[in-house]
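The values are calculated or read from the model by the stated rules, or taken from the named source; none is laboratory data. Because the structure is predicted, anything quoted here is derived from the model rather than measured. So basically every Cβ, Gly included, is an ideal-geometry build from the backbone, and we count neighbours across all protein chains shown.
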C-alpha cells in the first residue's frame, strides 16, 4: 500500500507541467493580387478599364460578365440603349438594388458624376448577407445605359466575403470612373 501511495504521488508530480493557456483569437488573412487594369474596348457602345485578373465574357446585346475565378465571384454588366425611356431604366435599376433590402443590413447610395465624359450614375454598397454586395448604373442620359451587379458564387456570409467584396467594389468604381461611351 505504501508503494502505491508513493507511485500515485510520483505520477501526480510528473503530470504537473505548464498550465494550459487559451489560444488567442485568429483572423483570416486573405491576400489578393495588386489591382492592375487594362482598357477593354470591344464591339459594344462603351469601353472601360478592367482588372487584368478578370475574365471577360461578352454576352448578347452587349451584356458582359467579368468573372473572377480565384474569388468565386463575377460582375454582371447589362447594356441597354436609352429609347426615350430613361425614367423606366432608372426605376428598374433602383428597384433592382433595393430588392436586396430584405437581407441587407444597409444600402449606401453614392452618386457618381463625370461631366467631361457624360457619365452619370449611382453606386450602391450593400452590407449584410444579401445576394449582391454592390450594384451600380451609369448613363449619358440620352443614348446609353449600363447597369452592373456583383455576385459571389457562394451562400452570402458578409463576414467571410467582406475582404473580396471591398476589393471588387474598387474594380466597380474603376469601371465607373474610366467608362467612356462610343
Regarding the range 74-88, can at least one residue be identified that is more than 21 Å from residue 139 (Cα to Cα) and modelled with pLDDT of 95 or more?
yes
Return the total of residues in the range 27-63 being part of a loop (DSSP other than H, G, I, E, B), farther than 19 Å from residue 152 by Cα and touching a helix residue (DSSP H, G or I) at 6+ places or on another chain (Cβ under 6 Å).
1
With respect to residue 172, is the statement that it is part of a helix (DSSP H, G or I), in contact with a strand residue (DSSP E or B) (Cβ under 8 Å, 6 or more places away or on another chain), at pLDDT below 90 and within 24 Å of residue 48 (Cβ to Cβ) true?
no
Scanning the range 73-121 residue by residue, those closer than 25 Å to residue 58 by Cβ, part of a strand (DSSP E or B) and more than 16 Å from the chain's Cα centre (by Cα) turn out to be 78, 79, 80, 81, 112, 114, 119, 120, 121
Selection status of residue 46, surrounded by 14 or more Cβ atoms within 10 Å (Cβ to Cβ), touching a residue at least 24 places away in the same chain (Cβ under 8 Å) and under 21 Å from residue 118 (Cβ atoms)
yes
Restricting to the range 140-169, name every residue that is within 15 Å of residue 126 (Cβ to Cβ), surrounded by 15 or more Cβ atoms within 10 Å (Cβ to Cβ), modelled with pLDDT of 90 or more and within 13 Å of the chain's Cα centre (by Cα).
148, 149, 150, 151, 152, 164, 165, 168, 169
